[in-house]
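So the structure is just underneath, and the comments pick up after that.
The values are calculated or read from the model by the stated rules, or taken from the named source; none is laboratory data. Quick caveat, the model's predicted, so the values are computed rather than measured. A quick note on method: Cβ atoms are made from the backbone with ideal geometry, for glycine too, and the neighbour counts reach across all protein chains shown.
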Amino acid sequence: MKQARIRWHILVFLAPAVFVYTAVMIFPLFNTLWLALYTRVDQERVFVGLENFRTLFFDPIWAEQFWNALGNNFWFFLVHMLVQNPIGVALAALLSHPRLRFAALYRSAIFIPTILSFVIVGFAWKLILSPIWGIAPSMLDAVGLGSLYAPWLGKEEYALTTLALVSVWQFVGIPMMLIYAALLTIPEEILEAGEVDGITGMAAFWKIKLPLILPSIGIISILTFVGNFNAFDLIYAAQGALAGPDFSTDILGTFMYRTFFGFQLQLGDPHMGSAIAGAMFAIILVGVCIYLFGIQTRMRRYQL
Amino acid sequence: MNKARSNPLNTLAMHGALILYTLIALFPVFIILINSFKERRSIFREPLALPDSESFSTIGYETVMQQGDFFLYFQNSMIVTVASLFFILLFGSMAAYALSEYRFRGNMLMGLYLALGIMIPIRIGTVAILEMMVATGLVNSLWALILVYTAQGLPLAVFILSEFMRQVSDDLKNAGRIDGLSEYTIFFRLVLPLVRPAMATVAVFNMIPIWNDLWFPLILAPAEETKTLTLGSQVFIGQFVTDWNAVLSALSMAILPVLILYVIFSRQLIRGITSGAVK
């Protein structure tokens, strides 16, 4: 039986979502990539092809800023991968222990920083680390490490790492929760079978649980990657659009904001801003593709 | 029972580690909250002490109330968040129903198209979004934010909700059809109530990022009357940087609503995450 008439209700159900999504997300996305191919000369939009990208990658003034932001962004991501995710996994492993009391309480408390806005987190840590207030130095003094204190956010060599660690502090709840959820799905029989074979405690974690939660770790890695490469808020809240000191905390998000809107004496340039957005898009796309085709398909999934 | 799994020393070490990390997680929030209730001198002299009768002061809150329009900011944040959630849930569940219930040409493709946005951040398109909002006159209005957040939230909402809608029994829907209900009535009266838990999960997932976003309010609606709480506190703190009482109070006022929402919804949020809705 073939129906030739249009089933209008399907159209009605789909239309609002598809319309809003296309008009506000997909269309501007491609429009931005398109704008990156133009430049403004005397109030006129002129097509220049890939010229903006050449300026961005090779022109001495632009290139220095761009590679600096990109390098910082990779360091920012690396700190997350090396600190946030292991801590998240460790906390989840502790929380998922079967007879642990107060697990729900710990879980809710550790997740609190994740719900706060970057503005709160940025300023709160700025105050705490500030040499004027002196909470950080006096606490370090109390444990005998007072000599280690430095105004971290004000020093070029430490500022980016400090901010990355603040961001880790804020977001550790997400890997913790996702890994916790993954650990809960591991059936008790498998662990008991391991115990019969003498695999308990840490060994059980490394040999049984970790291989089973690898897919979740993969998802967390790609979420971290996408999140870090369009990060902006924390740096802006703590260090401003100039991402000081001396651009040492500049990442792609703040670089794009500065270029797009202008700052101090430099005028805003939507076309160069679009070019940076295009570069960010390419980086995220490459990352997502590596994950989807390189990692996810090769990862062994165990039927539980 | 196995020894290694119930060793009291092990349990102690586990609690020790968890307590340590809980303290790290809560300490900054705690320090901001207690110092916001102290007068300026004791903020600096004894930052770790709780406010007592001598050091207690609400001068910071008074400054905030006089200088910043925090009620307006709060109201704006509320309108934007609630309206965006409403549209995400309404449009998202409608699209999810169309994709999971009906077979039509292009169903797969449409699903993939809508799923694209899960991985690609909407911020990449900011330049063109701003141009569009300026052209349509929506810039500096809450509608600009609502539209952007709706578009941003839809992909994941459609994805999660269609997973859940596939589990709604066909017999129920067919019974409705035999009784002569229209497709719309079946959707709104029969299906929607059954996927309410999934909708709550989607709402909680979207609520926090929308409430906390700084990027789009800064770019699309920086005018005084459309500032959200996040942007409002950012600007206020920037202006009052040297007035520690005011800064600490503004921070506390920005923390409190989120904290209250979290206490109310934390069970839903945690259940949503751990039920594997984002696998």
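Observations on the structure shown:
- Region A:50-104, residues that are free of Cβ contacts under 8 Å to residues at least 24 places away in the same chain and closer than 23 Å to A:Phe171 by Cα: A:Gly71, A:Phe74, A:Leu78, A:Leu82, A:Pro86, A:Ala90, A:Leu94, A:His97, A:Phe102, A:Ala103, A:Ala104
- Considering region A:262-281, the residues that are over 15 Å from A:Leu35 (Cα atoms) and outside any loop (DSSP other than H, G, I, E, B) include one that is modelled with the highest pLDDT, namely A:Gly262.
- Within region A:14-64, the set of residues being within 20 Å of B:Leu109 (Cα to Cα) and among the β-branched types (Val, Ile, Thr) comprises A:Val18, A:Val20, A:Thr22, A:Val24, A:Ile26.
- Any hit, region B:234-244, residues being touching a Lys or Arg at 6+ places or on another chain (Cβ under 7 Å) and of a type outside the set (Val, Ile, Thr): yes
- Screening A:Ala92 on (1) closer than 26 Å to B:Leu251 by Cβ; (2) outside any loop (DSSP other than H, G, I, E, B) shows it passes everything except condition (1).
- Residue match in region B:57-70 (condition: in contact with a strand residue (DSSP E or B) (Cβ under 9 Å, 6 or more places away or on another chain) and of a type in the set (Gly, Ala, Ser)): yes
- In this structure, A:Thr55 does satisfy being away from every other protein chain (no Cβ under 14 Å), modelled with pLDDT under 90 and in contact with a helix residue (DSSP H, G or I) (Cβ under 9 Å, 6 or more places away or on another chain).
- Filtered residues of region A:29-52 (kept if at pLDDT 90 or above, in a loop (DSSP other than H, G, I, E, B) and farther than 19 Å from A:Tyr257 by Cβ): A:Leu37
- Residue within region B:79-99 that is crowded, with 23+ Cβ neighbours inside 10 Å, of a type in the set (Phe, Trp, Tyr), in contact with a helix residue (DSSP H, G or I) (Cβ under 8 Å, 6 or more places away or on another chain) and at the interface with another protein chain (Cβ under 9 Å from one of its Cβ atoms) present: yes
- Any chance A:Leu105 is over 19 Å from the mean Cα position of the chain (by Cα), surrounded by fewer than 17 Cβ atoms within 10 Å (Cβ to Cβ) and at the interface with chain B (Cβ under 8 Å from one of its Cβ atoms): no
- No other residue among A:Asn85, A:Asn72 is farther than 25 Å from B:Phe205 by Cβ, in a helix (DSSP H, G or I), touching a helix residue (DSSP H, G or I) at 6+ places or on another chain (Cβ under 8 Å) and modelled with pLDDT of 90 or more apart from A:Asn72.
- Residue within region A:149-168 that is under 30 Å from A:Pro98 (Cα atoms), within 9 Å of chain B (Cβ to nearest Cβ) and either surrounded by 15 or more Cβ atoms within 10 Å (Cβ to Cβ) or of a type in the set (A, V, I, L, M) (or both) present: no
- Criterion: more than 8 Å from chain A (Cβ to nearest Cβ) and touching a residue at least 60 places away in the same chain (Cβ under 8 Å) - qualifying residue of B:Leu109, B:Leu145: B:Leu145
- Filter result for the condition that a residue is in contact with a helix residue (DSSP H, G or I) (Cβ under 8 Å, 6 or more places away or on another chain), modelled with pLDDT of 85 or more and at the interface with chain A (Cβ under 9 Å from one of its Cβ atoms), over B:Leu259, B:Leu269: B:Leu259
- Test for A:Gly122: is it surrounded by 18 or more Cβ atoms within 10 Å (Cβ to Cβ), touching an Asp or Glu at 6+ places or on another chain (Cβ under 9 Å) and more than 8 Å from chain B (Cβ to nearest Cβ): yes
- Residue under evaluation B:Ile19, criteria (1) more than 9 Å from chain A (Cβ to nearest Cβ); (2) at pLDDT 90 or above; (3) surrounded by fewer than 14 Cβ atoms within 10 Å (Cβ to Cβ), criterion not met: (1)
- Given (1) within 10 Å of another protein chain (Cβ to nearest Cβ); (2) closer than 21 Å to B:Gly238 by Cα; (3) in contact (Cβ under 8 Å) with a residue 24 or more places away in the chain, number of the condition A:Phe247 does not satisfy: (1)
- When region A:71-102 is filtered for residues that are crowded, with 20+ Cβ neighbours inside 10 Å, of a type in the set (A, V, I, L, M, F, W, C) and more than 25 Å from B:Phe265 (Cα to Cα), the ones remaining, listed by number, are A:Phe76, A:Phe77.
- Filter result for A:Arg40 (free of Cβ contacts under 8 Å to residues at least 12 places away in the same chain and either basic (Lys, Arg) or under 11 Å from A:Ala275 (Cβ atoms) (or both)): no
Conditions (1) surrounded by fewer than 17 Cβ atoms within 10 Å (Cβ to Cβ); (2) away from chain B (no Cβ under 11 Å); (3) in contact (Cβ under 8 Å) with a residue 24 or more places away in the chain; (4) within 30 Å of A:Trp34 (Cβ to Cβ), marked per residue:
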residue: A:Ala193; (1), (2), (3), (4): yes, yes, no, no
residue: A:Ile217; (1), (2), (3), (4): no, yes, yes, no
residue: A:Thr224; (1), (2), (3), (4): no, yes, yes, yes
residue: A:Ala231; (1), (2), (3), (4): no, no, yes, yes
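- Those helices (runs of 4 or more DSSP H) lying entirely in region B:59-123 with at least 2 residues within 19 Å of the chain's Cα centre (by Cα) and farther than 21 Å from B:Thr228 by Cα: B:70-101, B:107-119
- Tally, over region B:157-202, of residues that are of a type in the set (Gly, Ala, Ser), within 14 Å of chain A (Cβ to nearest Cβ) and surrounded by 20 or more Cβ atoms within 10 Å (Cβ to Cβ): 2
- Matching residues, region A:128-183, being among the aromatic types (Phe, Trp, Tyr) and either assigned to a loop (DSSP other than H, G, I, E, B) or more than 24 Å from B:Leu18 (Cα to Cα) (or both): A:Trp133, A:Tyr149, A:Trp152, A:Tyr158
- Test: residue in region B:36-59 that is within 9 Å of another protein chain (Cβ to nearest Cβ) and at pLDDT 85 or above: no
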